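All remarks here apply to the structure that follows.
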Amino acid sequence: MNPTTESRLAAGAALAFAGLLAGALLWPQPAVDRGELSALRGALETRAARLWRGDGLVRPDGCVYTVDVGHLLIHAAARGDRALYDRVRPVARGLVRDDRSDPYTRGFVPWRRCGDDPPDASGTTEALRVARGLWRGGARFDLADDRALARVVLDGYARHAAEEYGVWMVRNYFAFQTRAFANDSYLVDYDPDFVAEVARATGDAGLATLARRSAALVEAAVAPSGLIHTLVQPDVATLLPRAPVPIFSPNDVIQVNNACVVAETVVESAPAAARAVLDFALARGRGLRRAYYGRTGEPVDSTPADSTAWSCLARLATRLGDPGAQRAFVPMAAWGWRWLVRDEVRRPYSTIEALLALGVVLEGGEAGAGVRR
């Protein structure tokens with residue numbers, strides 16, 4: 001960890017500690033019955049299966065978003081649900097480009113599919129989710145072809161990497177029509193822990209380097225508040241050559257959900273960065289807001305954190321092995337899970353995010369705090 005990152009984390013820890021005692025007073029609440037959580041998971045699995053069978057997770061705008069497909073594949077693998085995995089698997093595999101006339105884009109994954117329209121661009125976040133689903137499913141169900149395809153996807157993902165103005169990043173997308181890469185990157189476009197896992201399993205030195213550089217970038221993105229910034233845009237240097245601002249958040253606004261999603265990817269690779277996000281949320285109690293300013297940690301407005309943020313925080317607390325944080329976040333997340341079961345609006349992303357959280361809470365290694373047996 002470099003000194004700049006250490007100072008940012010120290011500042012974030014100080015802000016978190018300042019509000020910790022007051023925030024802790026807002027947390028006391030009863031644990032959630034394990035039987036209820038199992039029932040909620042069953043109801044949400046039914047909802048997700050209905051969405052899948054109906055139209056393949058089409059969102060209200062008429063498009064299927066690859067991240068939803070990847071997340072459902074990850075859930076099926078983690079749950080050991082071979083029937084669900086076999087339904088989602090051909091769609092996920094079909095999203096991976098393998099056009100012999102265009103070998104450069106082999107392994108690229110489109111970020112969404114809208115009817116019969118040709119895909120407009122690849123998606124790096126989406127590639128990581130599909131790769132993770134195939135990799136985990138291949139291991140769970142002994143499908144060597146899926147593990148092999150996961151590596152093809154990661155190879156395609158790695159071709160999005162570049163260094164511009166001295167800043168290394170994985171570019172956000174590749175536009176298929178213009179044959180050009182984006183000139184920016186988002187912190188959700190990285191998954192150092194997963195890439196490192198595949199590198200260890202395969203002995204792939206290139207992936208190991210990719211994982212290390214990804215973790216270093218996430219560490220560099222920690223804001224003074226302890227949250228994780230949103231965007232990498234090296235060409236800012238052409239306007240402000242002496243300003244260290246290639247990693248930032250527009251208007252300094254950071255959404256808790258986005259910061260948490262990034263934190264989940266560095267629990268092993270950069271645990272201090274993951275811990276800083278968890279501490280930030282803990283210090284703010286049940287009144288956690290959707291977005292905060294990265295420098296000060298002040299809320300942007302009064303909009304409360306949504307169900308996806310609570311789901312992510314419950315997963316993060318479990319993966320960091322923090323029983324106290326689990327006792328705080330699991331009951332709060334359960335409110336959102338109950339709401340999703342009752343809600344009739346199509347919400348594929350929120351539904352599957354909840355399923356992933358319930359899986360970690362019910363079956364994760366340190367799961368149990370905040371859950372009444």
- prompt: Roughly what would the spin-label model give for ARG50 and SER302, points 7 Å off Cα along C-beta, in nm?
  reply: 3.4 nm
statement: Of the residues ALA83, PHE108, LEU73, the Cα lying farthest along the dipole of the stretch 71-128 towards its positive end, which is defined by charges on the beta carbon of Lys, Arg, Asp and Glu, belongs to ALA83
statement: Between the alpha carbon centres of the stretch 25-93 and the stretch 123-171 the gap in Å comes to 21 Å
- line: Given unit charges at Cβ for Lys, Arg (+) and Asp, Glu (-), the dipole magnitude of the stretch 85-227 about its Cα centre in debye, nearest 20, is 300 debye
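Restricting to DSSP loop positions (anything but H, G, I, E, B) with no more than 15 other Cβ atoms inside 10 Å of their own Cβ, which trypsin sites (Lys or Arg not before Pro) remain in the stretch 100-160? Don't skip to the answer; put the middle values down first.
Numbers: sites: ARG100, ARG106, ARG112, ARG113, ARG129, ARG132, ARG136, ARG140, ARG147, ARG151, ARG159; in loops: ARG100, ARG106, ARG159.
Within the stretch 100-160, the qualifying trypsin sites (Lys or Arg not before Pro) (loop, at most 15 other Cβ atoms within 10 Å) are ARG100.
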task: Positive end of the charge dipole of the stretch 93-234 (Lys, Arg +1 and Asp, Glu -1 on Cβ, about the Cα centre): tell me which of PHE141, VAL195, ALA127 has its Cα farthest that way.
output: PHE141
- prompt: How much length is gained if the chain between ASP61 and ARG346 is pulled fully straight, taking 0.36 nm per residue apart and subtracting their Cα-Cα distance, in nm to one decimal?
  reply: 101.5 nm
- request: Hey, for a label at ASP142 modelled as a point 7 Å past Cα toward Cβ, could you say which residues of the stretch 83-105 have their backbone N under 19 Å away?
  value: 83-86
- prompt: Could you give the dipole magnitude of the chain about its Cα centre, charging the beta-carbon of Lys and Arg +1 and that of Asp and Glu -1, in debye to the nearest 20?
  reply: 780 debye
- prompt: Ranking LEU313, LEU187 by Cβ neighbours within 10 Å, fewest first, what do you get?
  reply: LEU187, LEU313
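Under the 0.36 nm per residue contour assumption, what length would be gained going from the current alpha-carbon distance of ARG34 and SER101 to full extension? Walk me through the numbers before you get to the answer.
Working: separation 67, 0.36 × 67 = 24.12 nm, distance 5.26 nm.
Contour length minus the Cα-Cα distance gives 18.9 nm.
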- prompt: With the chain treated as a Gaussian network of Cα nodes joined by springs under 10 Å, which of ALA127, ALA215, ALA148 yields the largest mean-square fluctuation?
  reply: ALA148
- prompt: Rounded to the nearest 0.05, what FRET efficiency do TRP339 and VAL253 have when you use their Cβ-Cβ distance and R0 = 25 Å?
  reply: 0.50
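Throughout, read-outs are computed from the coordinates displayed, never taken from laboratory work. Just so it is clear, the structure is predicted and the values come from calculations on it, not from any experiment. Cβ sites come from the backbone with ideal geometry, for glycine too, and all protein chains shown count toward neighbours.
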